[in-house]
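Undergrad: I am attaching a structure below and will ask some questions about it afterwards.
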Amino acid sequence: MSDKIRGKVVVITGGARGIGLATATALQARGAKIAIGDIDETTVKESGTARDFELYGKLDVTDATSFENFLDEVERTVGPIDVLINNAGIMPTGRLIDEPDQITRRILDINVYGVILGSKLGLARMLPRKSGHIINIASLAGESHVPGLATYNASKHAVLGFTDTLREEYRGSGVHISSVLPTLTNTELGSGVSTPKLLRPAEPEQIADGIVGLIASPKSKIRVTAVAGAIIRFVGLLPESVGDSIGRALGSSHTFLDDVDAERRKAYEERARSL
Ligand code: NAD
């Protein structure tokens, strides 16, 4: 597999920590040249220095100039971008009625607009070369509906619809377009939330391994873990009332609401809400 990864120039947004950083680390170990960008300038520089990535620095995926400048710098200093992973995302939790409008807009701005903008900028570079791979990080939340995550669910459903459409729009262009649907994963984004029964949280390295395989052998989408993906797909095939009952029986109606450990979640919520 390393043969297909070695030498590839890979850009990862939101790469300072979590799934993005685990993916950068796994790809570097297989010989890829890594550029990570993140709105959190301090942490992206710490992570980039610690792992000696080719490039690391500030990138705000909601700002077209910032995004374009970052990609230009990668192409100038590292080389033509082979893979762009649109990974940056936030997940504030709570009831919709309590969600300030500016947070609603920020979730959509980062999770949806940031992915659309990144895909557009990536395609503009890759289509003339007739090669490249755009990978959009969605979520199994894009194939389910979980109380406490309404806007986040909406954002991930949007990423999946968008990415499936692009795949057809650019079929035959030489550019691969994929989505990744991680289950609940042990990163700061999920801190303090309880886990629905049957769905053990994944480690970021498991998602990273899935992405490594996806780059080596492109497909339209991967669900990680496969077991969590199969459960969500099975429930989605059932009549709505049955599926919703199973979701409630697994505890999904409390996981992101009453069962949240507010103290353990506080630092993440403050960070995500201030971005
Ligand atoms: P994380 O909070 O650990 O890391 C996300 C990174 O994105 C942070 O470093 C943050 O600073 C950065 N970021 C936020 N806004 C940004 C912006 N405007 N521009 C650039 N960077 C920005 O989260 P994670 O768990 O690693 O999540 C990564 C992706 O995986 C997200 O899209 C998330 O929705 C998705 N995902 C996560 C889980 C999970 O349970 N952790 C499950 C499914 C999908």
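Bear in mind these aren't lab numbers, they're just calculated from the coordinates by the rules spelled out. These figures come from a predicted structure and were not determined experimentally. Neighbour counts run over all protein chains shown; Cβ positions are idealised from the backbone, glycine included.
Undergrad: Using only alpha-carbon positions, what ratio does the radius of gyration of region 2-273 give when scaled by 2.2 N^0.38 Å?
TA: Here the answer is 0.97, to two decimals.
Undergrad: For the pairs 58/219; 4/219; 4/120; 33/130, flag any whose C-alpha to C-alpha distance is greater than 22 Å.
TA: Over 22 Å Cα-Cα: 58/219; 4/120.
Undergrad: On C-alpha positions alone, give me the angle between the axis of helix 41-51 and the longest principal axis of the chain, in degrees, nearest 10.
TA: The angle comes out near 70 degrees.
Undergrad: Can you give the calculated 222 nm mean residue ellipticity of the chain, where each DSSP H run of n ≥ 4 adds -39,500 (n - 2.57) and the sum is split over every residue, rounded to the nearest 500 deg cm²/dmol?
TA: Calculated mean residue ellipticity at 222 nm is -15000 deg cm²/dmol.
Undergrad: Separate question: Please name whichever of 96, 66, 56 sits farthest to the positive end of the charge dipole of region 56-101, dipole taken about the Cα centre and charges placed at Cβ: Lys and Arg +1, Asp and Glu -1.
TA: Most positive-ward Cα: 56.
Undergrad: Grab the other residues whose beta carbon is less than 11 angstrom from that of residue 209, score K and R as +1, D and E as -1, and report the net.
TA: Charge balance near residue 209 sits at -1.
Undergrad: Now for a separate question. Which log10 I(q)/I(0) values, to two decimals, does region 128-240 give at q = 0.13, 0.17, 0.24 Å⁻¹ under the Debye formula with one point per Cα?
TA: So the normalised log intensities work out to -0.52, -0.86, -1.46.
Undergrad: A further question on this structure: Tell me, which longest segment in the chain has none of the trypsin sites (Lys or Arg not before Pro) that fall in DSSP loops with at most 15 further Cβ atoms within 10 Å?
TA: Free of exposed loop sites, the longest segment is 7-94.
Undergrad: Could I ask something else about it? Find how much the distance from residue 173 to residue 195 grows on full extension, using 0.36 nm per residue of separation minus their present alpha carbon separation; answer in nm with one decimal.
TA: Length difference between fully extended and current span is 3.8 nm.
Undergrad: Taking only Cα atoms and a 10 Å spring cutoff, compute GNM fluctuations for the chain and point out the largest among 250, 237, 59.
TA: In this elastic network of the chain, the residue with the biggest mean-square fluctuation among 250, 237, 59 is 237.
Undergrad: How many nm separate the modelled label positions at residue 65 and residue 188, each set 7 Å beyond the Cα in the direction of the Cβ?
TA: 2.7
Undergrad: Please work out how much length the chain gains when fully extended from residue 42 to residue 77, using 0.36 nm per residue of separation minus the C-alpha to C-alpha distance, in nm with one decimal.
TA: 10.5 nm
Undergrad: Along its three principal axes, how long is region 199-274 when you only count alpha carbons? Whole Å, largest extent first please.
TA: Here the Cα extents, ordered largest to smallest, are 41, 37, 21 Å.
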